[in-house]
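To start, the structure itself, in structure tokens.
The values are calculated or read from the model by the stated rules, or taken from the named source; none is laboratory data. The structure displayed is predicted, hence computed values, not measured ones. FYI the Cβ positions are ideal-geometry reconstructions off the backbone, even for glycines, and counts take in every protein chain you see.
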Amino acid sequence: AGTAPADDDDTAAAAAADEYHAEAMDAKATLQDERKTLPVYKLKDDLLKAIDEHQVLIVVGETGSGKTTQIPQYLHEVGYTAGGRKKVACTQPRRVAAMSVAARVAEEMGVKLGHEVGYSIRFEDCTSEKTVIKYMTDGMLLREFLGEPDLGSYSVVVVDEAHERTLATDILFGLVKDIARLRPDMKLLISSATLNADKFSDFFDAAPVFRIPGRRFEVGIHYTVAPEADYIDATWDTEAAAAANGKVTELVICPIYANLPAELQAKIFEPTPTGVLKVVLATNIADAETPYNPRTAMESFLVAPPAPAGARKVVLATNIAETSLTIDGIKYVVDPGFCKVKSYNPRTGMESLVVAPVSRASAEQRAGRSGRTGPGECFRLYTEYNFVSDLDDDAVPEIQRSNLASVVLALKALGINDLVGFDFMDPPPAESLLRALEELFALGALNSRGELTKTGRRMAEFPLDPMLSKAIVASERYGCSEEVITIAAMLSTGNAVFYRPRDKRVHADAARRAFHAGNAGDHVALLNVYNAWAESGYSPQWCRESFVQHRTMRRARDVRDQLGALLERVEIAPCSSAGGGDLDAVRKAVTAGYFRHAARLQRDGSYRAVKSRQTVFVHPSSGVAQAPPRWALYHELVLTTKEYMRQVTELKPEWLVEIAPHYYERKDVDEPEPKKKTAAATPQEQTTAGSTPTKQTPNLNSFF
Ligand code: ADP
Ligand code: MG
């Protein structure tokens, strides 16, 4: 156990430590009391008996009943962790949930996070050899199969939040069902917050369902009388009413969303001063990527609940607060009725985030958040008629609306070749599977028989989108692995690199332009930022002066270190081309992964994607926005008011044919600039162009 990180207690402060210790003991006692009040506690013995008697058990219980935090502890207490030789895994669809729940359980057990209780999320492994209870994202457990196909180090696997039906969870269902047959010693729990568990039971060979009786106080439901055309507008009306009331109470606003830095996440769990009420807003407007300012939006909700004296704590949440995180003491819920969902068009291969109406199941969960510790109220910003007639019962599982390239690559790497025969709870559309196979073939990850190639095997080692993995693997050929992992790390942080304070916009823009010298393109600009920061000795001061987020940079450095280790694993030597000034080598390596994202400038200043023929635009934040190149390569599309290309780099069209000859023909890049079409002709053209077969069509039948 000597490998666990050392405690960094300051031994000098002995007296303070004693006092702290006494307080901690008190806190521990209260925590233990709290644990006993949870609904699952009363059923502890029955639950453990059911687990003992059945290999697979479906556990269903209201949010907050203690499924996530308590069950792994019970299993540990009665010996499933075999004195430290075996682990209990508990998967979560979201990183934030995995981290926060692990922190809570470590606290309840009085251990340091990362010791007996830890978590594992992409690019962040907070576990040690001591770890026996491991919370992890479902995607990370999927990756663990690559290293340990029978999950032999785990005695119990809890697939938690099963009702969320994320892509990774759905794939896990098939994989864990299979290993449960191979490993009679392993226990499998499928845990869900929604009461409709029959589907899970059916899938797992009629596994018994263990129900934790709910404890829910009454929740008053309020609807709007007429549909709201725009929920943000609706909030302004509400605010006007607030002003008429005269009294504006202070708000403590705590946003919670997946990309929020961990330091700030903890705020939602901080004890709220007495007299302060909590309101949770389950929507996606807290997401940093939306143009809405959460504070403005939230302030508009001031009067929705009856105005109390004193401040209100407002948790502004994405749908992470629906079931994944239990926040105590919520009195009011404002539910705008929308969520952001991934949608995928297999014909164009385009994945995008769209704001869509919630399902009835989600709306019920949102409302339920206000009735956990006392009676609550839920304000739905839609009509009762909408609720009854327009909303779907359940959300469509993610597997049916996602690009599957990444999971197909993982399955192939696990030696699962028969994808159609894979045991899916709900199978993905055949067209999406075909698309994924085509994409992996085009990237060189699969050969024409659908078998994993050496390139594919290497790509599968990286926990990244296959296109980004391919760029890294291709960097070997172009002699620029150092540069490409830097770019990959910068692209993977998920957070903004630059910031632009209101009063210093001119300075910030100038600083930013400096990284784009020579119209370098956004990818190279990211590289320049990282290298300049590294040269400064990773200085926070440098970040401030350059209007660069230090927190994002620290994370990029961390991710880069891990990508460096993975490079070594796949035996790609560190090499650098930019040292010799060859940035085209770097751009070519990126093209080797992203050639499908090539677009050509049109006369009207828009771009047209070369293959999908979709009309797209340079994002205004891009460094190339001022001088748009004739040919461009983009990292991703974001849909706001238009389809915007984000992270754009100039491309030489001949690279496409050179780098991806199986995907592009000369005529794709040689054609004279298309004549401006009438608007009416465009959709039709898109339809036919989208289905044009690629030049060298693999024999798709042999893929299955
Ligand atoms: P379930 O998984 O059934 O929804 P949980 O095990 O998540 O329930 O929650 C049980 C209790 O633990 C709740 O009262 C909740 O408030 C508390 N809890 C969970 N996570 C945290 C945390 N990070 N901080 C404080 N309390 C927490
Ligand atoms: Mg839970």
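Selection of first residues in region 430-450 that are basic (K, R) and of second residues that are surrounded by fewer than 16 Cβ atoms within 10 Å (Cβ to Cβ), restricted to Cβ pairs under 8 Å at least 6 apart or on distinct chains, gives the following pairs, ordered by first then second residue: R449/N699; R449/S702.
For region 67-87, check the following and say yes or no: at least one residue is part of a loop (DSSP other than H, G, I, E, B), under 22 Å from R372 (Cα atoms) and within 16 Å of ligand 2 (Cβ to nearest atom). No, region 67-87 has no match at all.
Scan region 48-63 for residues that are away from ligand 1 (no atom under 12 Å from the Cβ) and within 19 Å of V105 (Cβ to Cβ) and report the count.
Total meeting the criteria: 2.
Taking (1) under 15 Å from A660 (Cβ atoms); (2) under 24 Å from the mean Cα position of the chain (by Cα); (3) assigned to a loop (DSSP other than H, G, I, E, B) in turn, G444 satisfies each apart from (2). Residues in region 131-174 that are within 25 Å of S65 (Cα to Cα), more than 14 Å from ligand 2 (Cβ to nearest atom) and of a type in the set (D, E): D170 only. The listed residues are A356, A410, and the only one of them that is out of contact with any Asp or Glu (no Cβ under 6 Å at 6 or more places or on another chain), assigned to a strand (DSSP E or B) and not β-branched (V, I, T) turns out to be A356. Screening A321 with (1) over 24 Å from the mean Cα position of the chain (by Cα); (2) modelled with pLDDT under 90; (3) not polar (S, T, N, Q); (4) not in a strand (DSSP E or B) gives one miss only, at (1).
With respect to L633, determine if the residue is in contact with a Ser or Thr (Cβ under 8 Å, 6 or more places away or on another chain) and at pLDDT 95 or above. Spell out the reasoning first.
Working: in contact with a Ser or Thr (Cβ under 8 Å, 6 or more places away or on another chain): yes; at pLDDT 95 or above: yes.
For L633, the condition - in contact with a Ser or Thr (Cβ under 8 Å, 6 or more places away or on another chain) and at pLDDT 95 or above - is met.
Selection of region 88-121 for residues being within 25 Å of the chain's Cα centre (by Cα), among the basic types (K, R) and away from ligand 2 (no atom under 12 Å from the Cβ) yields only R95.
Tell me, yes or no, whether region 477-490 has at least one residue that is surrounded by 23 or more Cβ atoms within 10 Å (Cβ to Cβ), of a type in the set (F, W, Y) and either modelled with pLDDT of 95 or more or under 27 Å from L446 (Cα atoms) (or both).
First, the residues of region 477-490 that are surrounded by 23 or more Cβ atoms within 10 Å (Cβ to Cβ): 478, 480-481, 483-490.
Subset that is of a type in the set (F, W, Y): 478.
Remaining after also requiring either modelled with pLDDT of 95 or more or under 27 Å from L446 (Cα atoms) (or both): 478.
Yes, because at least one residue in region 477-490 is surrounded by 23 or more Cβ atoms within 10 Å (Cβ to Cβ), of a type in the set (F, W, Y) and either modelled with pLDDT of 95 or more or under 27 Å from L446 (Cα atoms) (or both).
Residue pairs whose Cβ atoms lie under 6 Å apart, separated by 6 or more positions or on different chains, with the first residue in region 495-516 and in a helix (DSSP H, G or I) and the second surrounded by 13 or more Cβ atoms within 10 Å (Cβ to Cβ) and of a type in the set (G, A, S), are A511/S546.
Taken over region 176-185, the criterion of being under 23 Å from L411 (Cβ atoms) and either free of Cβ contacts under 8 Å to residues at least 40 places away in the same chain or in contact with a Gly (Cβ under 9 Å, 6 or more places away or on another chain) (or both) is satisfied by V176, I179, R181, L182, R183. Among the numbered conditions (1) at pLDDT 95 or above; (2) within 29 Å of E461 (Cβ to Cβ); (3) within 16 Å of ligand 2 (Cβ to nearest atom), the only one that I58 does not meet is (2). Taking region 176-204 as the range and being of a type in the set (A, V, I, L, M, F, W, C), surrounded by 23 or more Cβ atoms within 10 Å (Cβ to Cβ) and more than 12 Å from V56 (Cβ to Cβ) as the test, only A193 passes.
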